[in-house]
Amino acid sequence: MSENVENQEQQIMLEVTEDVTNKKCPNCGATVVFDPETGGMLCEFCGYKCELPKPESGGEICELDFNKATQTASFEWGAQKKTVICKQCGAETIYDALETAAVCPFCGSTSVMPAASSDSMAPGAVCPFAVTKEKAGQKFTSWLSGKLFTPSKAKKSAKPESFQGVYLPYWTYDAQTTSSFTARAGYERRVKRGDTWTTEVTWRPVSGVYQEFIDDETVMASKKSDNSVVKRCEPFDFTKMVPYSPQVVAGFIAERYSIGLKDGWEIAQKSIKSRLQSNMHTYIRKQWRCDRVDSLRFSTLYSNITYKYLLVPVWISSFKYNDKVYQFVVNGQTGKVGGHAPVSALRVLAAIGIGIAVLVLLYMLTH
């Protein structure tokens with residue numbers, strides 16, 4: 001490797017705090033991007049590769065104190081715009097203000113906008129892409145081919161090559177919960193009345209305090225993406241997070257949060273309440289050795305609330321069939337597919353008909 005190439009490679013590896021990451025390949029001068037397959041930087045034109053430096057000590061991903069947060073507001077997607085100038089070709093492009101990374105549509109150069117602005121916070125960590133666009137396409141094709149009730153025409157119209165790699169914003173919350181509760185514990189016993197056995201339940205009131213630590217309750221912080229679709233491709237492996245740097249998101253769109261920290265916590269509490277309710281039912285049955293739990297009511301105090309602002313990877317696209325748009329995503333870490341697919345009424349009716357015919361045949365063979 002020549003001294004000039006080595007110096008340029010060191011520059012690519014070390015300059016990780018610039019507002020715009022637009023590093024040139026030391027071989028051909030094209031822009032290098034993050035490579036999900038190797039976890040390093042890649043020139044898509046000549047194949048040049050280099051590794052990213054390991055996170056330095058002191059750059060750990062930290063839980064932040066919720067009560068000390070100063071930037072908690074939500075943002076409306078598309079309400080504000082910003083102009084970005086490509087350093088490679090000079091083209092000016094307008095982006096939504098919530099996008100933090102983009103690719104120049106004119107020359108393909110990677111432009112990474114500042115992660116933070118005066119009125120929003122920077123992400124603390126990133127779950128890097130580990131699934132390439134090609135592998136994501138294969139996963140999607142396999143998923144769609146397994147949908148028996150989806151029309152063949154719809155399957156042909158869904159093109160996996162139209163995928164766009166996107167980093168979606170997520171909040172995660174940790175909290176210690178202390179809940180005071182009241183409920184009824186039910187004890188069953190079998191009673192014979194005449195020739196019939198019945199189940200009788202004896203109820204007794206119970207009350208107490210239930211404590212549970214909530215670790216990484218997740219909330220997707222985007223109003224733009226379809227939450228129900230993204231949920232289908234979860235979970236993400238937060239143990240593989242790395243500290244945020246512009247290099248990790250180079251070559252991908254990175255969406256800034258549009259659901260703020262405070263609103264995200266309100267959403268998280270609804271999920272936490274549902275989890276606590278289920279776990280308290282289990283706790284009461286075990287603690288009072290009862291068979292049923294009824295009329296559970298509780299109030300919860302949250303303490304030591306902390307949070308993280310993360311970016312998680314998805315390959316996202318959509319297709320149109322019969323004037324309806326169907327969005328689908330592939331988890332950029334695991335390859336798990338989530339989405340909605342068209343359903344053919346004729347195929348459903350045919351399946352029902354076959355099922356009925358099978359049941360009739362079985363009945364005739366057994367009688």
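In the range 279-296, what residues are of a type in the set (S, T, N, Q) and assigned to a helix (DSSP H, G or I)? Steps first, answer last, please.
Here is the first cut: in the range 279-296, the ones of a type in the set (S, T, N, Q) are 279, 282, 287, 295.
Result: Asn279, Thr282, Gln287.
Got a sec? Which of Pro160, Pro205, Pro169, Pro114 is within 23 Å of the chain's Cα centre (by Cα), of a type outside the set (A, V, I, L, M, F, W, C) and modelled with pLDDT of 85 or more?
Numbers: Pro160 fails: modelled with pLDDT of 85 or more; Pro205 fails: within 23 Å of the chain's Cα centre (by Cα); Pro114 fails: modelled with pLDDT of 85 or more.
Checking each option against the conditions leaves just Pro169.
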Original post:
Only one of these conditions is not met by Arg256: (1) crowded, with 20+ Cβ neighbours inside 10 Å; (2) closer than 30 Å to Ser145 by Cβ; (3) among the basic types (Lys, Arg). Which number is it?
Top reply: (2)
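Which one of these is in contact (Cβ under 8 Å) with a residue 60 or more places away in the chain and assigned to a helix (DSSP H, G or I): Val201, Val249, Val206, Val229? Give the steps one after another, and end with the answer.
Details: Val201 fails: assigned to a helix (DSSP H, G or I); Val249 fails: assigned to a helix (DSSP H, G or I); Val206 fails: assigned to a helix (DSSP H, G or I).
Within the list Val201, Val249, Val206, Val229, the selection yields Val229.
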Original post:
With (1) modelled with pLDDT of 90 or more; (2) crowded, with 21+ Cβ neighbours inside 10 Å; (3) more than 24 Å from Val33 (Cα to Cα) as the list, and Phe319 as the residue in question, which single condition is left unmet?
Top reply: (1)
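The values are calculated or read from the model by the stated rules, or taken from the named source; none is laboratory data. None of the values given here were measured: they were computed from a predicted structure. Positions of Cβ are backbone-derived with ideal geometry, glycine not excepted, and every protein chain shown enters the neighbour counts.
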